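The values are calculated or read from the model by the stated rules, or taken from the named source; none is laboratory data. It should be emphasised that the depicted structure is a prediction, and the values quoted were computed from it without experimental measurement. A quick note on method: Cβ atoms are made from the backbone with ideal geometry, for glycine too, and the neighbour counts reach across all protein chains shown.
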Amino acid sequence: MSQSNQTILDARGLSKSFGALKVTNDVSLQVATGEALGIIGPNGAGKSTLFNLIAGTLPVDAGHIVIAGRDVTRTTAGVRCRMGVGRTYQIPKPFDGMTVLENLLVAATNGGGQSMDEATASAIDILDRLGLGELADTQASQLRLLDRKRLEMARALATQPRLLLLDEIAGGLTEQECEGLVATIKDIRAAGVSIIWIEHVVHALLAVVDRLVVINFGEVLAEGLPQETFRSREVQEIYLGIEA
Amino acid sequence: MSIQNWARLGLLIVAVAILVSGPYWASRGTMRLLIEVFYFLALAQLWNLLAGYSGLISVGQQAFVGLGGYAMFSLAMFAGVPILFALPLAGILTALIAWPTAFVAFRLSGPYFAIGTWVIAEVYRLVFAQIPALGGGSGISLPAGLVKAMASGRSARESLIYWIALAIMLVVVLGIWIVMRSRVGLSLSALRDNEEAAVSVGVRTRSLKFVIYIATAGMTGLIGALIFVQKLRITPEAAFSVTDWSVLVIFIVVIGGIGTLEGPILGCILFFVLREYLADLGAWYMIILGTISVVIMLVEPRGLWGLILRWRNITVFPVTRRK
């Protein structure tokens, strides 16, 4: 019982195949309440698929997912969102026909269970914090890519998550914007939200997370304290191998 | 409220007052025309709610027009329900039948859903053509006694039908406006724009689709019931006509401006103007309608309302949601 209070996410033995391709192979992940976990790995390692499994967008082939003490393995993404799992998409999926503010209102009234008035207040607050305040009444289809990415995060926050899944949100930011993003994520975390963050911009990631998981070919390759894990020989080999 | 809002509200009230007083100033022919305008506008707004605001493109709303009409005739003729009570009951019955229909239709999505709804409507048409008690393929007329029991005298009856049609139209337009300003409306638009993302922000997409489909079907059934009370005669061909209740309705919404409340109103006006002048041309009439819609889609995909927006950024009902 005590574990349910301290562990927001307990995923065990997750596997997923697309045809003959094993994208996720026996992955287990635990996230403590209030913890920030970073995930790195080469392109195609199965990181986003792992998010889809945790968020419920894809059903698992095998394994169990327990969120806040409740087994949610067979539930839909909608149920998990209403339980407090918020997620962003690596390729933004805004509601194009609606304004930025309306995008957040949908999330706050459904996933966040708020009334329209509460939702409006919290949405405006989130937009201001993420620097989208001036774009509140802009149609989402008019946004440039960086703002679309910001909107992804804003919309996920509007669902009032207890566990926030961030999928590559720092790519393409300037150094200054990146610092701002790191500060924002630290604030979110300080407010008690647990975070799993997939990111290629490693220095931003290492500035925030408590623990790092390295995924390669759909499996957990290494796990541990961020700096140590990132500097370990096998991780450097993967990364140098890619960057060389 | 700002002066603009007061002006807008004032204009709406004046417009509604003029329409409500119709039976006191309009000729019989004008009233018949206005009744048609009202129910076509209501059908167009309902289709716009489904397709424009919620992304559920149905080509089978004639199923519910027909079901409403036949439910109305059956209730009045076989169950002895007075016509005024049978109208809302027909709407409710249609919604009830739409419920299992939705289970079938929602097994499909996108273009398959569109075709599926059409096929379902055809099935209903064929079924009703097989029922001898309802006149089979040649249809049936509403007995004069039942019609006369509606109101004392022909003009009183026509006024009554006029006011019911107007009321239904106003309820539909205002209802959609209220829905679209609520969280339900936001969720519907989210569902239309990106269903996967809608699910992942907690929208109950499945139940939402069912509710909106069934509610729309019920209102469409009520309108169908009224249409055939006015026409006094129903046949499977007329009741389940894809041309009348889907093609023309889609024409109205698309040329007016889909995903807005103003668009279908403009589209409806244009449609009736064209019809008054062109209906005598037979097949050419439909060819001209088709050509006009193609030209409008090419020039301004947002329809007539989009053309007006280019010229001036105004809004009557601030619930436009389109890409």
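Of all residues in the stretch B:123-135, those that are touching a helix residue (DSSP H, G or I) at 6+ places or on another chain (Cβ under 8 Å) and either charged (D, E, K, R) or part of a helix (DSSP H, G or I) (or both) total 6. Mind checking whether some residue in the stretch A:171-187 is within 13 Å of the chain's Cα centre (by Cα), away from every other protein chain (no Cβ under 14 Å), surrounded by fewer than 21 Cβ atoms within 10 Å (Cβ to Cβ) and closer than 24 Å to A:Gln30 by Cβ? Checked the stretch A:171-187: no residue is within 13 Å of the chain's Cα centre (by Cα), away from every other protein chain (no Cβ under 14 Å), surrounded by fewer than 21 Cβ atoms within 10 Å (Cβ to Cβ) and closer than 24 Å to A:Gln30 by Cβ. State yes or no: is A:Ala191 more than 14 Å from chain B (Cβ to nearest Cβ), surrounded by fewer than 23 Cβ atoms within 10 Å (Cβ to Cβ), under 28 Å from A:Met116 (Cβ atoms) and over 15 Å from the mean Cα position of the chain (by Cα)? Here the answer is yes, as A:Ala191 does meet what is asked. Only one of the numbered conditions (1) within 9 Å of chain B (Cβ to nearest Cβ); (2) over 24 Å from A:Gly34 (Cα atoms) is violated by A:Arg80, and that is (2).
Is it the case, given these coordinates, that B:Ser189 is within 27 Å of A:Gln139 (Cα to Cα) and either in contact (Cβ under 8 Å) with a residue 40 or more places away in the chain or away from chain A (no Cβ under 14 Å) (or both)? Yes: the conditions hold for B:Ser189.
Between A:Ala62, A:Ala107, the distinction of being surrounded by fewer than 17 Cβ atoms within 10 Å (Cβ to Cβ) and either in contact with a Ser or Thr (Cβ under 6 Å, 6 or more places away or on another chain) or polar (S, T, N, Q) (or both) belongs to A:Ala62 only. Any residue that is in the same structural domain as A:Thr7 (by TED's automatic domain parsing) and more than 28 Å from A:Gly44 (Cβ to Cβ) - is there at least one of those in the stretch A:100-115? Looking through the stretch A:100-115, none of the residues is in the same structural domain as A:Thr7 (by TED's automatic domain parsing) and more than 28 Å from A:Gly44 (Cβ to Cβ).
Taking every residue in the stretch A:105-122 that is more than 7 Å from chain B (Cβ to nearest Cβ) and pairing it with any residue that is part of a loop (DSSP other than H, G, I, E, B) and surrounded by fewer than 24 Cβ atoms within 10 Å (Cβ to Cβ), at least 6 positions away or on another chain, the pairs with Cβ-Cβ distances below 8 Å are A:Ala108/A:Gln114; A:Ala108/A:Gln160; A:Gly112/A:Gln160; A:Gly113/A:Gln160; A:Gln114/A:Gln160; A:Ser122/A:Gln114; A:Ser122/A:Gln160.
The set of residues in the stretch B:22-61 being over 13 Å from B:Ile223 (Cβ atoms) and among the hydroxyl-bearing types (Ser, Thr, Tyr) consists of B:Tyr24, B:Ser27, B:Thr30, B:Tyr53, B:Ser54, B:Ser58.
Taking B:Arg157 and the conditions (1) of a type in the set (D, E, K, R); (2) over 22 Å from B:Ala98 (Cα atoms); (3) surrounded by fewer than 16 Cβ atoms within 10 Å (Cβ to Cβ), which numbered condition does it fall short on, given that it satisfies the others? Going through (1) of a type in the set (D, E, K, R); (2) over 22 Å from B:Ala98 (Cα atoms); (3) surrounded by fewer than 16 Cβ atoms within 10 Å (Cβ to Cβ) one by one, B:Arg157 breaks only (3). Listed by position, the helices (runs of 4 or more DSSP H) inside the stretch B:151-204 whose residues that are within 17 Å of the chain's Cα centre (by Cα) and at pLDDT below 95 number at least 2 are B:154-181. Number of residues in the stretch B:194-222 that are under 20 Å from B:Gln45 (Cβ atoms) and either of a type in the set (Lys, Arg) or within 7 Å of chain A (Cβ to nearest Cβ) (or both): the value is 1.
So in the stretch A:155-169, with the set limited to residues that are of a type in the set (A, V, I, L, M) and under 12 Å from the mean Cα position of the chain (by Cα), which one is farthest from the other protein chains (Cβ to nearest Cβ)? Step through it out loud before you land on a result.
Step one: filter the stretch A:155-169 for residues of a type in the set (A, V, I, L, M), giving A:156-158, A:163-166, A:169.
This time we only want the ones that are under 12 Å from the mean Cα position of the chain (by Cα), so: A:156-157, A:163-166, A:169.
Details: A:Ala156: 8, A:Leu157: 11, A:Leu163: 13, A:Leu164: 12, A:Leu165: 10, A:Leu166: 13, A:Ile169: 15 Å.
Within the stretch A:155-169, the match that is farthest from the other protein chains (Cβ to nearest Cβ) is A:Ile169.
Residues in the stretch B:124-136 that are in contact (Cβ under 8 Å) with a residue 24 or more places away in the chain and either under 13 Å from B:Phe73 (Cβ atoms) or in contact with an Asp or Glu (Cβ under 8 Å, 6 or more places away or on another chain) (or both): B:Arg125, B:Phe128, B:Ala133, B:Leu134, B:Gly135. Candidates in the stretch A:86-101 are the residues that are aliphatic (A, V, I, L, M) and under 15 Å from A:Gln139 (Cα atoms); of these, the one that is nearest to the other protein chains (Cβ to nearest Cβ) is A:Met98.
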